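**Student:** My questions will all concern the structure given below.
The values are calculated or read from the model by the stated rules, or taken from the named source; none is laboratory data. On a predicted model such as this, the values are computed, not experimentally measured, just so you know. Cβ placement follows ideal geometry from the backbone for every residue including glycine, while neighbour counts extend to all protein chains displayed.
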Amino acid sequence: MRVWDLHCDTLSELRYAENDGKPLSFRKNQLQIDLERLRRGDYLLQCFACFVNLGRKKENPLVSCLEQIDIFYRLLEEYSEDLVQIRTPEDIRKLPESGKIGAMLTVEEGAVCLDDLRMLRNLYRLGVRMMTLTWNYENGLASPNIVPGDAMQVWPCEPVTDRGLTEKGRAFLEEMERLHMILDVSHLSDGGIMDVLELARRPFAASHSNARSKCGHVRNLTDEMIRKMGEKGCIVGLNYCASFLDPSADRSHVRSTIHDMAVHARYLMNLGGEDLLALGSDFDGIEGDLEIAGAQDLPKLAEGLKKEGFTEREIEKIFYKNAMRFFEENL
Ligand SMILES: [Zn+2]
């Protein structure tokens with residue numbers, strides 16, 4: 001089964017390793033994603049996020065992002081037989097016959113644009129096709145639901161409903177829509193997601209978020225959000241992170257299981273429609289007890305969902321067809 005994954009943090013892991021003087025091979029490494037694993041998993045496309053942690057205060061966010069974009073372009077050069085960059089609907093149409101794995105550049109942390117629309121446009125020119133307004137820190141564009149180190153970060157923490165998009169964040173939404181860069185609401189506060197639902201004229205994404213009714217983490221989407229996103233033709237990537245899947249009361253032993261993934265998947269599809277759901281692994285950004293432990297395990301997930309009662313057609317839609325159609329229509 002082909003795979004189209006909306007989110008991974010592999011580029012930032014490669015950057016940390018390189019900056020520590022211990023560069024990793026992309027052909028084969030100890031991360032959750034490398035070329036061999038992507039091939040074994042039968043990947044059609046991986047979205048590669050430039051993830052920037054604003055908590056690392058000595059780093060300029062834009063420079064951190066550009067360093068990751070440089071790594072992305074070096075991967076495309078070094079593995080040109082295996083990887084092909086995807087920027088346009090035409091690229092997507094040609095992808096299945098190319099025999100290559102599509103690679104789409106995305107950003108996780110809107111502050112990399114330094115609140116400047118000119119930087120946003122430059123990132124688009126470099127190939128960035130989807131971006132979250134925030135990660136877990138407040139920035140000039142919007143508020144997230146969780147701030148690291150905050151007392152609020154305790155399970156089950158309260159969502160932020162009163163702070164959403166700033167004036168600048170609204171200007172970013174408008175410019176991203178004009179460019180056809182997909183706005184990604186994962187990590188955004190509840191207030192921010194409601195703002196986007198009200199203001200957006202084009203479909204948008206939650207690249208790696210699950211259903212809050214099935215696991216009460218504030219990184220997950222409420223029923224209202226899921227329903228409205230379905231109505232608007234949006235896409236949601238199922239996140240494999242144990243903390244966003246497992247509803248157990250004991251938060252010290254949460255696990256990421258195929259069963260819980262199936263529970264969230266079924267719930268998201270029932271509420272948002274069968275075109276809503278895709279995969280958003282969060283690989284190389286998650287750790288712990290993972291039944292699907294890396295890109296090589298995706299055939300096991302397809303098999304597991306079948307046992308959980310999903311039809312072949314539903315699995316195809318979740319694994320790649322919904323995402324492929326979404327990007328072909330909206331880039
Ligand atoms: Zn994330």
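**Student:** Counting only residues that are part of a helix (DSSP H, G or I) and aliphatic (A, V, I, L, M), which one in region 159-173 is farthest from GLY110 (Cα to Cα)? Working first, answer last.
**Tutor:** Looking only at region 159-173, we keep the residues that are part of a helix (DSSP H, G or I), and these are 167-173.
Checking the rest, the ones that are also aliphatic (A, V, I, L, M) come to 171, 173.
Working: ALA171: 12, LEU173: 11 Å.
Looking at residues that are part of a helix (DSSP H, G or I) and aliphatic (A, V, I, L, M), I get ALA171.
**Student:** Does ILE193 satisfy being in contact with a Leu (Cβ under 8 Å, 6 or more places away or on another chain) and of a type in the set (A, V, I, L, M, F, W, C)?
**Tutor:** Here the answer is yes, as ILE193 does meet what is asked.
**Student:** Just give me the residues in region 281-331 being in a loop (DSSP other than H, G, I, E, B) and within 19 Å of ALA205 (Cα to Cα), in sequence order.
**Tutor:** The answer is SER281, ASP282, GLY285, LEU331.
**Student:** Something else now. Tell me, which helices (runs of 4 or more DSSP H) lie completely within region 174-263 with 3 or more residues that are modelled with pLDDT of 95 or more and over 15 Å from GLY280 (Cβ atoms)?
**Tutor:** Passing ranges, in order: 190-199, 223-231.
**Student:** Mind checking which residues of region 190-213 are surrounded by 19 or more Cβ atoms within 10 Å (Cβ to Cβ) and either of a type in the set (D, E, K, R) or in contact with a Pro (Cβ under 6 Å, 6 or more places away or on another chain) (or both)?
**Tutor:** Across region 190-213, the qualifying residues are ASP190, ASP195, ARG212.
**Student:** Only one residue in ILE33, ILE71 is surrounded by 14 or more Cβ atoms within 10 Å (Cβ to Cβ), among the hydrophobic types (A, V, I, L, M, F, W, C) and either without any contact (Cβ under 8 Å) to a residue 24 or more places away in the chain or within 16 Å of the ligand (Cβ to nearest atom) (or both), so which one is that?
**Tutor:** Answer to the check: ILE33.
**Student:** OK, next. Here is a list: LEU76, LEU83. Which entry is of a type outside the set (D, E, K, R), away from the ligand (no atom under 16 Å from the Cβ), surrounded by fewer than 19 Cβ atoms within 10 Å (Cβ to Cβ) and farther than 21 Å from LEU290 by Cα?
**Tutor:** Values: LEU83 fails: surrounded by fewer than 19 Cβ atoms within 10 Å (Cβ to Cβ).
Just a single option satisfies the conditions, and that option is LEU76.
**Student:** Still on this structure, please answer the following. Which condition number in (1) surrounded by fewer than 16 Cβ atoms within 10 Å (Cβ to Cβ); (2) within 16 Å of the ligand (Cβ to nearest atom); (3) within 16 Å of GLY237 (Cβ to Cβ) is the one that ASP282 fails?
**Tutor:** (1)
**Student:** Moving to a separate point now. When ARG121 is evaluated against the numbered criteria (1) within 16 Å of the ligand (Cβ to nearest atom); (2) more than 19 Å from the chain's Cα centre (by Cα), which criterion, by number, is the only one it fails?
**Tutor:** Going through the list (1) within 16 Å of the ligand (Cβ to nearest atom); (2) more than 19 Å from the chain's Cα centre (by Cα), ARG121 breaks only (1).
**Student:** Identify the single condition in (1) within 16 Å of the ligand (Cβ to nearest atom); (2) without any contact (Cβ under 8 Å) to a residue 12 or more places away in the chain that GLY55 does not satisfy, given that it satisfies every other one.
**Tutor:** Condition (2) is where GLY55 drops out.
**Student:** To continue, here is another question. With the requirement that a residue be more than 15 Å from HIS217 (Cβ to Cβ), among the charged types (D, E, K, R) and more than 22 Å from the chain's Cα centre (by Cα), what does region 151-190 give you?
**Tutor:** ASP162, ARG163, GLU167, LYS168
**Student:** Has region 220-232 got any residue that is closer than 25 Å to PHE327 by Cα, within 16 Å of the ligand (Cβ to nearest atom) and crowded, with 19+ Cβ neighbours inside 10 Å? Steps first, answer last, please.
**Tutor:** Narrowing region 220-232 to residues closer than 25 Å to PHE327 by Cα: 220-232.
Now narrow it down to the ones that are within 16 Å of the ligand (Cβ to nearest atom): 220-221.
Now narrow it down to the ones that are crowded, with 19+ Cβ neighbours inside 10 Å: 220-221.
Looking for residues that are closer than 25 Å to PHE327 by Cα, within 16 Å of the ligand (Cβ to nearest atom) and crowded, with 19+ Cβ neighbours inside 10 Å, one finds at least one in region 220-232, hence yes.
**Student:** Still on this structure, I have one more. Can you find even one residue in region 108-127 that is more than 25 Å from LEU24 (Cα to Cα), among the aromatic types (Phe, Trp, Tyr), touching a residue at least 12 places away in the same chain (Cβ under 8 Å) and not in a strand (DSSP E or B)?
**Tutor:** Yes, region 108-127 has at least one match.
**Student:** Looking only at region 186-214, which residues are within 16 Å of the ligand (Cβ to nearest atom) and touching a Phe, Trp or Tyr at 6+ places or on another chain (Cβ under 6 Å)?
**Tutor:** Across region 186-214, the qualifying residues are HIS187, ASN210.
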